[in-house]
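For reference, the structure is listed below as structure tokens.
The values are calculated or read from the model by the stated rules, or taken from the named source; none is laboratory data. What you are looking at is a predicted structure, and each value in this text was computed from that prediction instead of being measured. Glycine also receives a Cβ, built like all others from the backbone with ideal geometry; neighbour counts cover every protein chain displayed. Note: accessible area is taken over every heavy atom of the protein model, side chains too, but ligands, DNA and RNA are not part of it. Shrake-Rupley method; radii C 1.70, N 1.55, O 1.52, S 1.80 Å.
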Amino acid sequence: MRTAFLITAKDLRQRLRDRSAFLVAVIAPLALAAALSVTISGFSAGSKTYQIGLVSLDQGPAASGFSNAARGAPVDLRPAGTEAAARGQVKSGKLDAAIVLPRGLSAVSMGGPPVRIDVIGDTRNSIGALVARSIADSYATYVRTIAVASRALHANGAATVRIAGDVASAKPPIAVGDTSTTRKNLDPKTYYAAAMAVFFLFFAVQFGISSLLDERRDGTLARLLAAPISRRSILGGKVLTSLALGLTSMTVLAITTRLALGAHWGNPIGVAVLIVCAVLAAIAVTAFVTTLAKTHEQANAWLSIVSVVLGMLGGSFFPVAQAGGLLATLSKGTPHAWFLSGLQDLSSGGGLSVIVEPSLVLLGIAVVCGAAALVRVRKLIEP
Amino acid sequence: MRKRFGEIEAVRGVNFEIAPGESYGLLGPNGAGKTTTISIVAGLLEADAGEALVEGKLLTTKSVAAKSAIGFVPQDLAIYPDLTARENLSFFARLYGISGKQNRSRVGEVLKIIGLEERAGDQAKTYSGGMKRRLNIGIGLLHSPSLLILDEPTVGVDPQSRNAILESVEQLGEQGMAVLYTTHYMEEAERLCDRVGIIDRGELKAEGTRAELVALLGEYDKVHLTGSGALEAAAVACARIGAVHAASSGDGSLELLVEGASAVLPEILTTAGGAGVSVHGVEVEEPNLEAVFLHLTGRALRD
Ligand SMILES: Nc1ncnc2c1ncn2[C@@H]1O[C@H](COP(=O)(O)OP(=O)(O)OP(=O)(O)O)[C@@H](O)[C@H]1O
Ligand SMILES: [Mg+2]
């Protein structure tokens, strides 16, 4: 156990030095959550609800993300058919304004060419146009942030983008405006704080187990194996590193977003339990993926693919759980979705009992993936 | 010991002993099985058959306690590039149970031995190749092991650093540390090692002191011929001469083991010329370990 701590301490020192972990575990999620919550809550709630029409020429999941950008704004967003139809309705006053989502919008966040979002307004109703305009603006900021983040996240951007593209072309059945739900939703600030935290958690914990592959590349694994320490304590040290990074990241994010952004995570004990379970699940999933890879490069590529896909399906970018259909079902297989739905239930004031199910599911994922990883981990600790 | 990787039998019957304080060299060309052999001795790899005993204790991949008798310096650099020399040393010293005050003083001593005191606080990635090598070796010295294993520590090192490394290994040997040293440089084996094992294709062909090994050559002289042209063909042709025991072509040279060199030299020159080699120079050399290797395997140590 002592040697495991020595290895963890060494790992953390390395991570502090190159700042990569800090960037992934704290700065990136915080910046994204802040950017998202600022743009989303930039509306002052008025008494009037604006009727905004939505024309989507895009085939991807952008429309759902869009309706999300409008959350919290005093608008009623609804599909308006073709552009011509929308124009007509704005003119006749049935709509206060309309927004046209162009073809290729979904692709932008995955590095596609830039596109323009058009706002159709009427000079007699400048406030309606202004509201539509600010929704479109905040959404554009959101897409830009994601595009930048996904590029900055990993050197293996190519793989990430390809998979992201696959998901986009699968035409998920998201209907615009279909955000109705019987549950009380997390407010957008909290939702994005938590969603970004759990998304980046999967990257933060990678600095533990998968650093075994770095140690092999750098030859230091041979040194560890030649030292009078057991292979179990080497592995233990790496798991501890992941645990330390994961827990620190989530805790720092929960506290910072609470203080700085006014996110409401809910009952601290419940949140703590959910965080611990999510961290364990993230460690187990990433450990298992790492054991499947043959090389360092492969592991990195696979880990970013898995983390991004799970994050997308799990609702880190769009609240897919509310979309219904296949996507919602798939989303149930991700730790992200369970973590977020646990928080959601907690914020509905259901008491601690509501987190039992999500916590158990997260632990179940941790146990299954952890066991699978343990079976295969031997080959990670060989010279 | 035996060890197989799939189709390749990397080590097939290697057996040797090293006395306390003795320096032992494993001399062999690329792919001979040196690294595989010492990886088994250091407890990194599991042998398929056979066993390694260090200080009388069985050493396998699982023998945690027995490993503290060994200091291991891998062939490839094995340091944390983003940690400083001091941090690298201090971390590994702790793994060997050296902590607190003792840790600080021992790290200081080793920094002095490897001559890195001035740069001890800089990250290892900022070091020159030679400095990295010295740090790599220093880590193996931390716990004053009774057996120090060095795997080709001078490969890719400039002549100056190489000399510094050889000197410090010599000193360690004099201080009573047993050394297991692998190399494919004959000069290093001759200079550093009390005894040498000649290894080729996973087998230990012979072992002994330099004198014992050279005695294996018997009456043979080593003829070193430099030239250009069809060296390979010349080697084949010369090997047919009765008094030539072995012939091997290298980069711009021919190595021959010859009985009564002075008598046969004219015939060798004629044969080489006839095979299409223009000869620039001929030397009859003192028999050395390279000649022994040629004698035992029919091939030059460096080809
Ligand atoms: N992990 C491995 N998997 C497969 N083959 C291996 C492995 N390690 C070594 N070998 C093979 O075993 C043989 C001996 O390799 P080894 O590294 O022991 O040679 P060496 O004497 O150290 O050579 P060098 O001087 O080049 O370092 C080689 O043919 C090598 O390809
Ligand atoms: Mg080798």
Considering only residues that are over 19 Å from residue A:293 (Cα atoms) and not in a helix (DSSP H, G or I), which ones fall in segment A:355-383? none
Just to be sure, is residue B:271 in contact with a Cys (Cβ under 9 Å, 6 or more places away or on another chain), among the β-branched types (Val, Ile, Thr) and open to solvent by 20 Å² or more (accessible area, probe 1.4 Å)? yes
Residue check, residue B:158 acidic (Asp, Glu) and closer than 30 Å to residue B:56 by Cβ: no
Being open to solvent by less than 60 Å² (accessible area, probe 1.4 Å), more than 12 Å from ligand 1 (Cβ to nearest atom) and farther than 15 Å from residue B:208 by Cβ is the filter here; which residues of segment B:1-38 pass it? B:13, B:21
Give just the number: which of (1) touching a residue at least 24 places away in the same chain (Cβ under 8 Å); (2) away from ligand 1 (no atom under 16 Å from the Cβ) does residue A:379 not satisfy? (2)
Scan (1) at the interface with another protein chain (Cβ under 7 Å from one of its Cβ atoms); (2) within 16 Å of ligand 2 (Cβ to nearest atom); (3) open to solvent by less than 60 Å² (accessible area, probe 1.4 Å) for the single condition residue B:68 breaks and write down its number. (2)
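Scan segment B:221-257 for residues that are of a type in the set (A, V, I, L, M, F, W, C) and assigned to a helix (DSSP H, G or I) and report the count.
Number satisfying all stated conditions: 8.
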Every listed condition ((1) more than 9 Å from every other protein chain (Cβ to nearest Cβ); (2) in contact with a strand residue (DSSP E or B) (Cβ under 7 Å, 6 or more places away or on another chain); (3) modelled with pLDDT under 95) holds for residue B:133 save (2)
Where the second residue is of a type in the set (Ser, Thr, Tyr) and open to solvent by 10 Å² or more (accessible area, probe 1.4 Å) and the first is farther than 14 Å from residue B:182 by Cα and within 16 Å of ligand 2 (Cβ to nearest atom) and lies in segment B:10-33, which pairs have Cβ atoms under 8 Å and are six or more apart or on separate chains? B:10/B:36; B:11/B:36
Only one residue in B:99, B:90 is free of Cβ contacts under 8 Å to residues at least 60 places away in the same chain, out of contact with any Pro (no Cβ under 9 Å at 6 or more places or on another chain), within 13 Å of chain A (Cβ to nearest Cβ) and over 24 Å from residue B:179 (Cα atoms), so which one is that? B:99
Which one is most open to solvent (accessible area, probe 1.4 Å), of the residues in segment B:170-197 that are without any contact (Cβ under 8 Å) to a residue 24 or more places away in the chain and not charged (D, E, K, R)? B:175
Residue B:112 passes all but one of the listed conditions (1) over 21 Å from residue B:153 (Cβ atoms); (2) assigned to a helix (DSSP H, G or I); (3) more than 12 Å from chain A (Cβ to nearest Cβ); the exception is number (1)
Residue A:286 fails exactly one of (1) under 30 Å from residue B:71 (Cα atoms); (2) buried (at least 21 other Cβ atoms within 10 Å of the Cβ); (3) hydroxyl-bearing (Ser, Thr, Tyr), namely (1)
Which members of segment A:1-56 meet the condition of being more than 26 Å from the chain's Cα centre (by Cα), within 14 Å of chain B (Cβ to nearest Cβ) and at pLDDT below 85? A:1
Checking residue B:143 against (1) in a loop (DSSP other than H, G, I, E, B); (2) within 16 Å of ligand 1 (Cβ to nearest atom); (3) open to solvent by 10 Å² or more (accessible area, probe 1.4 Å), only one condition comes out false. Which one? (2)
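For segment B:34-43, check the following and say yes or no: at least one residue is away from every other protein chain (no Cβ under 14 Å) and either within 16 Å of ligand 2 (Cβ to nearest atom) or within 19 Å of residue B:151 (Cα to Cα) (or both).
yes
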Looking at B:259, B:255, can you tell me which residue is touching a Ser or Thr at 6+ places or on another chain (Cβ under 7 Å), of a type in the set (Asp, Glu) and either open to solvent by less than 50 Å² (accessible area, probe 1.4 Å) or at negative phi (or both)? B:255
